[in-house]
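The values are calculated or read from the model by the stated rules, or taken from the named source; none is laboratory data. Predicted model only: the values in this text are computed from it and were never measured. Don't worry about glycine lacking a Cβ; one is built from the backbone with ideal geometry, like all the others, and counts go over all protein chains shown.
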Amino acid sequence: MTHDTRRPDIPGTTLFDGAMARKGYALNKMCYSFNSAANREAFLRDEDAYCASYGLDEAQRSAVRNRNVLELIAAGGNIYYLAKLAGIFRLDVQDIGAQQTGMSKEAFKAMLVAAGR
Amino acid sequence: MATITGAVTSSHVPAIGGAIAKGLQQDPYFNPFFAGFPPVHAWLAKAKPDVAVVFYNDHGLNFFLDKLPTFAIGAAPEYRNADEGWGIPTMRPFRGDPELSWHLIDRLVADEFDMTMCQEMLVDHALTLPMALLWPGGGECPVRIVPIAMNHVQHPLPSLSRSYRLGQAVGRALDAWDEDVRVVVLGTGGLSHQLDGQRAGFINKAFDLMCMEAIVDDPERLTRYSMPDLVREAGAQGTELMTWLAARGALTGRVSKVHSNYHIPISNTAAASMVLENEVSVEANA
């Protein structure tokens, strides 16, 4: 069996591999900290200071400020950790899906229902 | 020796936890998924397992990118759930079976599966929700568990082939366990779904149905999909199929399908459950 280690080209998809994991380490580490309610509150109290304490780079800081999931992914964010950040803003995976696909949440949900037919 | 009664596979979509907490099992949105479980309960009542070996994937509760094992096995007397960050209610703790865990560890490493060994291990919704679906009600769970976490966060992920062979090694180890216990093997996750990117919301019904058929009689067919192929066919998170393949691999006898249920969507996911019975041959039990 041969293994192709090149990053596969799948439209609309960023595989979270070693390169992305290195790039996004600080951002994902911050998001992982949101498993703690105290840390979520600290973020909400002073977002700038909280992001700075995890050493987010400019692209990561900007993506967090913009609440923009595609930017967060491009900055190395992994969706499972980003879900913890999104949870702070009470956004669920369907809100996130709608934002990434440029649809309303209703249209996104309708698309999923249609996939079952 | 241990008796491997069969495997139960199920999706573990977080929205299921919300529905359980709010008592929405009969709600028209959720019911087509929950309706798949009475046949599972009926089978469990006959199979009477004492222990569940659970193949699942941690989503950033116990493991982070600082130390991320490809395969990790719990060896704790108890496993707790905890705050996952986005609001799912924290579930009941589960009793472990350290003796069986260490037996599996000894056998698996001897079998060249170099497991990460965890005497403390938080278990996330990927374990707690299927347990709540199989044994609802919230009281003390009637089975002990041995959790086996598979890396599903960071590529390279373990291949389907490797996952299947891990399951086979677990099956061999269970067959070699002296205690007279009845075991059910769980695989949690899937089926097709994608949460991230412009392709979010991707679902592939035809592929899922093919997988649910092949996993019964021809699991080797599924092991030929590479991870990139699987992402293409099943979505970026559809790769959780690895847990189903591991559970299937652990069935060392003759396998037959008792039950299956498939529904689109729960949240962003094609949600499914299956029961595969393992008929142990008389010679093997002698």
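If I filter the stretch B:249-271 for residues that are closer than 30 Å to A:Lys105 by Cβ and out of contact with any strand residue (DSSP E or B) (no Cβ under 9 Å at 6 or more places or on another chain), do I get at least one hit? Talk me through it step by step, then tell me what you get.
Of the residues in the stretch B:249-271, the ones closer than 30 Å to A:Lys105 by Cβ are B:261-271.
Next cut, out of contact with any strand residue (DSSP E or B) (no Cβ under 9 Å at 6 or more places or on another chain) only: B:266.
Yes, the stretch B:249-271 has at least one match.
Entry remark, the stretch B:51-85: residues being more than 18 Å from the chain's Cα centre (by Cα) and more than 9 Å from chain A (Cβ to nearest Cβ) number 4 in total.
Looking across the stretch A:1-60 at every residue that is assigned to a helix (DSSP H, G or I) and acidic (Asp, Glu), the one that is nearest to A:Gly76 (Cα to Cα) is identified as A:Glu58. Only a single criterion out of (1) under 27 Å from B:Gln154 (Cβ atoms); (2) more than 14 Å from chain A (Cβ to nearest Cβ) is not satisfied by B:Ser192, namely (2). State yes or no: is B:Phe202 within 12 Å of chain A (Cβ to nearest Cβ), at pLDDT 95 or above and either touching a Ser or Thr at 6+ places or on another chain (Cβ under 6 Å) or not in a loop (DSSP other than H, G, I, E, B) (or both)? Judged against the criteria, B:Phe202 is not a match.
Can you confirm whether the stretch A:84-104 contains a residue that is among the β-branched types (Val, Ile, Thr), surrounded by fewer than 16 Cβ atoms within 10 Å (Cβ to Cβ), at pLDDT 95 or above and part of a helix (DSSP H, G or I)? No, the stretch A:84-104 contains no residue that is among the β-branched types (Val, Ile, Thr), surrounded by fewer than 16 Cβ atoms within 10 Å (Cβ to Cβ), at pLDDT 95 or above and part of a helix (DSSP H, G or I). Of the strands (runs of 3 or more DSSP E) lying entirely inside the stretch B:106-188, the ones with 1 or more residues being crowded, with 24+ Cβ neighbours inside 10 Å are found at B:144-150, B:182-188. Among the residues examined, A:Arg65 qualifies as modelled with pLDDT of 95 or more and basic (Lys, Arg).
Being away from every other protein chain (no Cβ under 12 Å), in contact with a Gly (Cβ under 8 Å, 6 or more places away or on another chain), closer than 16 Å to B:Thr239 by Cβ and part of a loop (DSSP other than H, G, I, E, B): is that true of B:Gly197 here? When the stated conditions are applied, B:Gly197 does not pass them.
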